[in-house]
Amino acid sequence: MAPNRSNTTDKLIIRISAWIAGLVLAVLLVWGLLSLRNIFFYEQTNDAQVEEYINPITARVVGYIKEIRYEENQDVKKGDTLLIIDNSEYQFQQQEAESALSNARAQLQTLHNNIQTAVDAAAVSQLQISGAKARLLHQQQEYTRYKNLFDVESATQQQLDNVKAQLDIAQSEYDAALQSYRTAGSKINDTRSQQAVLEAEIQRRTAVLGRNKLDVGYTVITAPYDGKMGRRTIQQGQLIQAGQTLAYIVDQEAGKWIIANFKETQVKDMFVGQTVEIEADAFPGQVFKGSIESLSPATGSKFSLLPPDNSTGNFVKIVQRIPIRIRLTDDPTAIANLRAGMNANVSIKKNPRS
């Protein structure tokens, strides 16, 4: 009885092993066929990542942080206040600039009044010229008449001298009126020249005030677009400098895309608009749709900080990769969980035009 039981057990083990081996062989066969299918019909790469615009939020003025209104990984809307810098010093500068501008405008108004006064004085001098000219003409006629009378001995020398004196006085008054008018005109021109200088000074002070207002506005830092904040590395009361990076924001308005680095031997049949399948490592089994948006004009190594120089004599041929930008065409809600930097596998069908 023992040998029969041993033979039965051995046969059962052999049968189970055969079934397992057959199942493994079938799985390997299916896997091999799928792999061959992908190799023959698709260009694939696992050198791909999800990309988004990640931009720094920088300070434009120096100051102490008064208030922080965001948290790490917080969703923000365009215009939301992220940070407030103490603006006391900048407000004082703005008030000083406003006072200086008001003073310059008051000086300009005073100058306008002086010009008007000078114009009125010139008008009075012009009237005085007319009166002095009339008196001079009258005295010239009187002198001519008395001169004629004196020549025929109908007037005395004293009378002629008196008329001559009156003529000289009238001439002096006329000359004085002319000089007064010229002086008033020169004063008007001088005052108008000062007006041009003061107007230029007002423009300068207006620009200074505008700059001060900008500085006050820069103390309130807002979100430039809808996005998601990154890591927070600043604290309230911290002194920051102009140009210092305060935070990073992921631009959700610009959308997401894939940068896939294909080998140079894979890209000959690729073209803009070609359909692409993407599978992110974070979501295995979920396929995202996309299309080729653009192909890089050069290999990735040529855009590096120190591009290789093959003329040095130390040349080793290495297959280069071409970055390809792929636009995700799925609904935004379907790609909402994708994050910048995630690894992805990209498949593109070969010879789609044939």
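The values are calculated or read from the model by the stated rules, or taken from the named source; none is laboratory data. This structure is a prediction, so every number in the text was calculated from the model and none was measured. Because the Cβ atoms are built from the backbone with ideal geometry, glycine has one as well, and the counts that use them run over all protein chains shown.
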* Asked: Yes or no: ARG192 surrounded by 16 or more Cβ atoms within 10 Å (Cβ to Cβ), within 55 Å of the chain's Cα centre (by Cα), within 30 Å of ALA104 (Cα to Cα) and touching a residue at least 24 places away in the same chain (Cβ under 8 Å)?
  -> no
* Could you pull out the residue among HIS138, HIS112 that is within 13 Å of ALA170 (Cβ to Cβ), of a type outside the set (S, T, N, Q) and touching a helix residue (DSSP H, G or I) at 6+ places or on another chain (Cβ under 8 Å)? => HIS138
* Do we find a residue being hydrophobic (A, V, I, L, M, F, W, C), free of Cβ contacts under 8 Å to residues at least 40 places away in the same chain and within 30 Å of ASP251 (Cα to Cα) anywhere in segment 214-230? -> yes
* Structure fact -> When segment 82-112 is checked residue by residue, the ones that are of a type in the set (Ser, Thr, Tyr) and exposed (fewer than 15 other Cβ atoms within 10 Å of the Cβ) are SER88, SER99, SER102, THR110
* Just one of the numbered conditions (1) part of a helix (DSSP H, G or I); (2) closer than 30 Å to GLN94 by Cα is not true of TYR225; which one? -> (1)
* To do: Would you mind listing the strands (runs of 3 or more DSSP E) fully within segment 49-163 where at least 2 residues are aromatic (Phe, Trp, Tyr)?
  => none
* Name the strands (runs of 3 or more DSSP E) wholly within segment 240-285 that hold at least 1 residues that are more than 14 Å from GLU52 (Cβ to Cβ) and among the basic types (Lys, Arg)? -> 257-263
* Cβ pairs under 7 Å, 6+ apart, first in segment 327-341 and in contact (Cβ under 8 Å) with a residue 24 or more places away in the chain and not assigned by TED's automatic domain parsing to the domain that holds VAL272, second in a loop (DSSP other than H, G, I, E, B) and loosely packed, with under 11 Cβ neighbours inside 10 Å -> none
* To do: Please identify the pairs in which a residue from segment 177-188 that is under 12 Å from GLN128 (Cβ atoms) and in contact (Cβ under 8 Å) with a residue 40 or more places away in the chain has its Cβ atom under 8 Å from the Cβ atom of a residue that is of a type in the set (S, T, N, Q) and surrounded by fewer than 17 Cβ atoms within 10 Å (Cβ to Cβ), counting only partners at least 6 apart or on another chain.
  => TYR181/GLN126
* Asked: Before we move on, is VAL276 of a type in the set (A, V, I, L, M, F, W, C) and at pLDDT 90 or above?
  -> yes
* Asked: Quick one: would you say VAL119 is within 28 Å of GLN194 (Cα to Cα) and out of contact with any Cys (no Cβ under 6 Å at 6 or more places or on another chain)?
  -> yes
* Asked: In segment 125-139, how many residues are loosely packed, with under 15 Cβ neighbours inside 10 Å and free of Cβ contacts under 8 Å to residues at least 40 places away in the same chain?
  -> 5
* Assess whether GLY341 counts as being closer than 17 Å to GLN49 by Cβ, modelled with pLDDT of 90 or more and not acidic (Asp, Glu). => yes
* To do: Filter segment 287-311 down to the residues that are in a loop (DSSP other than H, G, I, E, B) and surrounded by 13 or more Cβ atoms within 10 Å (Cβ to Cβ), then identify the one that is modelled with the lowest pLDDT.
  => PRO308
